[in-house]
Each structure stands twice: as C-alpha cells, then as structure tokens.
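Asker: Take a look at the following structure, please.
The values are calculated or read from the model by the stated rules, or taken from the named source; none is laboratory data. Keep in mind it's a predicted model, so treat the numbers as computed, not measured. Please note: Cβ atoms are built from the backbone with ideal geometry, for glycine as well, and neighbour counts cover all protein chains shown.
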C-alpha cells in the first residue's frame, strides 16, 4: 500500500465499501425519517386536529409511528454497519503498517521512535478508520437537508429557496473554518506520537536509568517533550472550540432566518397553522444535519492529518533493496568481507570459512555495531562488498538473506507468553529446541520457573533476571539453526561458570555451521577456532585466542581487563 493521504483514505473507504454503503443507506433513511416527523405532525394538525376527524387522527398517528419505527431501525443497523467498517478499516491499516515496519528491507523506522510507530498504528489508524463512520453521517446529513428543503418548497417556495440558497455558502464557510483545525491537528498528532515514543523508550530503559542515576535527566527530557505535546494539544483544542463555536453561530443565524420567513408567511396567511408548525419543526431539525456537517468537517480534517502520517510510513523508502541473485542450495556458509567501508569500518578484509566458529573482538563498540549492520544487511556498505558463498549480499533479496544469516542482537526482546513459545521457531523440531535450551543453559532457567517451559512470561519477560533473559534469547537464536549465526555479546549478564558451559554448548550445537561471535568474553573466545581483532576500523590481527593473549597487547588489554 503506497501513495499520499488521499490514497490511504480511498483504500480505507473502498476496502469497506459494502459496509459503508449499507451504513449510508440506513443513515440516510434515518435522517429522512427525522425530517418527515415535523411534516407529518403538520399534516395531523391540518387534516385531523383542525377538522376534528378522529379517523384521520388515528390514521396519521399510525403513519407517524411507522416513521418512528423506520428511523429507529435505520439508526440501529446503520450505526452497526458504520462501526464495523471503521474497525475493519483500522485493522487493515494496522496490518499494512505492521507489514511495512517488519519488511526485511527496513526503512520505515528511520527517524521514528518505536513508540511513535505504535502511536501511528493505533491512534492514527483508528482516526482514518473512523472516516467510515463520518462518510455515512455526511450522506445522512445531506439527505436530511434535501428532504427538509423539498418539504419546505412544498410548504412554501420562499422557504425552500432560503434553505437551498443559504446552505452552499454555509458549507463553504465551514470548510474554510476547518483548514486551521487540520493543520493544528497534524501538529498535535505528531507531538503526541513523539511523546509516546520517548515514554516507551524511557520505560524500556528504566533499569539502566536507575543503575546510572539518570532518573532526573530522563524526567526532565520527558517533561519537555510532554509540555510540547500539551501545548500542541491545547492549540488544537482551542482551534476545535473556535471552529465549533463559529459553525454553531452560523447555523443559528441560518435557522433563525428560516423561522423568521416562515413566521411572516403564516402571519400573512400564505401558509396554514400546520404548515407553520412543520416549517418551525423543520427549521429546528435543520440544526441536526448542519451540526453533522460541522462534525464531519472536523473529523475529516483530523482523518486527513492521520492519513498523511500513515502514508509517510507506508511510502518510506527501503533501507536496502532486493536483488535478483539466488543463494546456492545448500548454503555452505562462507562469509567474506572485502574492502568494507561502513561507518567506522575502513577497509575491512575478513573471511570466515564454512563451519568455522570465529570470534571478533572490537575495542570500539561502534565498529562492532557497524559490522553487525553489514552482516545483517541493515544497510549496504558505502564501499566494498560482503558476500555469502561468493554471492554479494547487496544482490540478494533481504528476506532470503535473513533466512541464511541470522544476526542475534545483544539487546534481544522477549515476548509475553510461554517461555517455550519464545524459543521455538515455527519450523523447529522438539529435539532441536531441547538441544538449544541445553546449549544456552536456558533449561536451568526453565527448571527454576513454576511451570517449567510452559511458564507464561510477562511483557518483555521482566519477571526474569537479565542473565535469564539472555539465555532464553540465545536459545531462540540457536534453535533457529541458520547456516550462518552471528551473536553479539550473548553472555554479558551471566556468571563465569555458566558462561563457560554456554561456550562449550555453542561450539557443540553449531558444529559444522558457520558462527561468528562478536564479544570480549575470554570464555567464549577460548572456544572459537580463530579470533579476528577489529581495531581502528580494520582487521589488525587474526589468530587463536591463547596466541593473541600472549602476543598482542591491545587484545590482552581488551579481553582480560
């Protein structure tokens, strides 16, 4: 799904056209019935009350009851159809946004916090979906307006002309008054989304903030962001109030003009008492469709602003594009970096043999992050080439690449649900999961929980310690069993004994499969076949862990400090 805000709105409405059409039909029927009520009352007065005919009185009261029954039925089922269309459209937008955000090519998250994306996928999607409630309301208001105009023309041509000639300027003024609201609503939504993103970011790092004593700085940062959001909300609310007040005033003047013309016609004898009652009733009824028009205008303004934000996410360019090359089957796992310039990396040359367990030591954390980004193809290097089995990663489809190279980040996220569900890929065998749990020492974590692997974890598995979460996340990466696995500091929160056991477990379970461990842990590095030292943006040394400890001072200081 791509395009501008008009495309987003069009898809939201068009995708639910059957429900929207049904809602519009019922809503129009309801408003037509509402408009007919004062007309029928006027007929009752002229043909039954004025003449004293009981038969006609009963007949027209039955007609009035039927009108009420129709408009009540129409309201009930029209509202149901409109809400159904609104919720389904919002759901479809959330699915589209989720699909775009999770697309292997990435790019949707660029310049946006995670909480901001969540706000767009919830609040903005809901507002755009709500257009499917607004549209039937607009059609209903137009129907009620036209029925009233026809009835007034039938009662008196001057009355009908007042309505027909006065309505277009009124609607045009309402549209002009809605433009400032649209602009300020867009700013309000942007500030609210940013505040949500900052809040989510701070909550996710709450333990770290407390650990370094940065609570006050975090509170100050959020207070400033929240104040900006509050100011934008107040500006939008003031604009909304001014918009609604101006529309109400214009509507009041219009209805007063209709009532005044009707009163003068009744006084001069041009219309009957029943016609006057009908005219005044219709004038009062006109307040409803005119207020609906004002509400529709305000909701559409906010819907367009939300649609623009959604369109920006959906149309965000991919960070990496898909190529047409294919990997050999099976993937052997030879990884080569040739003259790679990427962030702090400057001319990295490195080869990982198929089935090798390679350690990478990077004194500069930024260099480690850049290496992981290049291997995961989160972004293509500015210069040089990363290849898998001789096929450049830049020529592969990112989705195919993700199935061949799995980069397990240091900060892995666990999800609410059973521990086993957090570890088990859809294609894994039970035996493979058990081996992965044992290799990562996550089986110990399971045994310490009340229901073992079936224990339900809370949001982000906050009930587990940092070391327990690391082990479960490592088990998940090992259970996936990709041809090439890249691990980034998988044991920083576990004790030395457990770390040594995990190092042996990784070596055993990954035998014959290419594995790269980016770490400074001596226990993990001692289990590797080779270690490459990435210093100053390039590879400065390659060798076995014991040899590098004995001969390389930089390596020794980095690993053993």
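Asker: Being surrounded by fewer than 18 Cβ atoms within 10 Å (Cβ to Cβ), at negative phi and assigned to a helix (DSSP H, G or I) narrows it down to one of 99, 11, so name that one. First the steps, then the outcome.
Answerer: Values: 11 fails: surrounded by fewer than 18 Cβ atoms within 10 Å (Cβ to Cβ).
Residue meeting the stated conditions: 99.
Asker: I would also like to ask the following. When you go through (1) touching a residue at least 40 places away in the same chain (Cβ under 8 Å); (2) not assigned by TED's automatic domain parsing to the domain that holds residue 558 one by one for residue 421, which number turns out not to apply?
Answerer: The one condition residue 421 does not meet is (1).
Asker: State the number of residues belonging to the stretch 424-448 that are modelled with pLDDT under 90 and closer than 17 Å to residue 469 by Cβ.
Answerer: Total satisfying the criteria: 1.
Asker: Any chance the stretch 450-457 includes a residue that's in a helix (DSSP H, G or I), surrounded by fewer than 20 Cβ atoms within 10 Å (Cβ to Cβ) and not assigned by TED's automatic domain parsing to the domain that holds residue 494?
Answerer: If we filter the stretch 450-457 for residues that are in a helix (DSSP H, G or I), which is where we start, we get 452-454.
Of the ones still in play, those that are also surrounded by fewer than 20 Cβ atoms within 10 Å (Cβ to Cβ) are 452, 454.
With not assigned by TED's automatic domain parsing to the domain that holds residue 494 added as a condition, the list becomes 452, 454.
Yes, there is a match, as at least one residue in the stretch 450-457 is in a helix (DSSP H, G or I), surrounded by fewer than 20 Cβ atoms within 10 Å (Cβ to Cβ) and not assigned by TED's automatic domain parsing to the domain that holds residue 494.
Asker: Something else now. Of the residues 58, 39, 54, 70, which is surrounded by fewer than 19 Cβ atoms within 10 Å (Cβ to Cβ), under 30 Å from residue 278 (Cα atoms) and touching a helix residue (DSSP H, G or I) at 6+ places or on another chain (Cβ under 6 Å)?
Answerer: Details: 58 fails: touching a helix residue (DSSP H, G or I) at 6+ places or on another chain (Cβ under 6 Å); 39 fails: surrounded by fewer than 19 Cβ atoms within 10 Å (Cβ to Cβ); 54 fails: touching a helix residue (DSSP H, G or I) at 6+ places or on another chain (Cβ under 6 Å).
Among 58, 39, 54, 70, only 70 is surrounded by fewer than 19 Cβ atoms within 10 Å (Cβ to Cβ), under 30 Å from residue 278 (Cα atoms) and touching a helix residue (DSSP H, G or I) at 6+ places or on another chain (Cβ under 6 Å).
Asker: Moving on. Condition check: at pLDDT 90 or above, in the same structural domain as residue 536 (by TED's automatic domain parsing) and under 21 Å from residue 359 (Cα atoms). Does residue 386 satisfy that? Can you show your working first?
Answerer: Details: at pLDDT 90 or above: yes; in the same structural domain as residue 536 (by TED's automatic domain parsing): yes; under 21 Å from residue 359 (Cα atoms): yes.
So residue 386 fits the description; yes.
Asker: Scan the stretch 547-554 and tell me whether some residue there is within 16 Å of residue 365 (Cα to Cα) and modelled with pLDDT under 90.
Answerer: Step one: filter the stretch 547-554 for residues within 16 Å of residue 365 (Cα to Cα), giving 554.
Filter again for modelled with pLDDT under 90, leaving 554.
Checked the stretch 547-554: at least one residue is within 16 Å of residue 365 (Cα to Cα) and modelled with pLDDT under 90.
Every residue, every condition in (1) assigned by TED's automatic domain parsing to the domain that holds residue 546; (2) crowded, with 23+ Cβ neighbours inside 10 Å, yes or no:
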{"site": "435", "(1), (2)": "no, no"}
{"site": "445", "(1), (2)": "no, yes"}
{"site": "460", "(1), (2)": "no, no"}
{"site": "502", "(1), (2)": "yes, yes"}
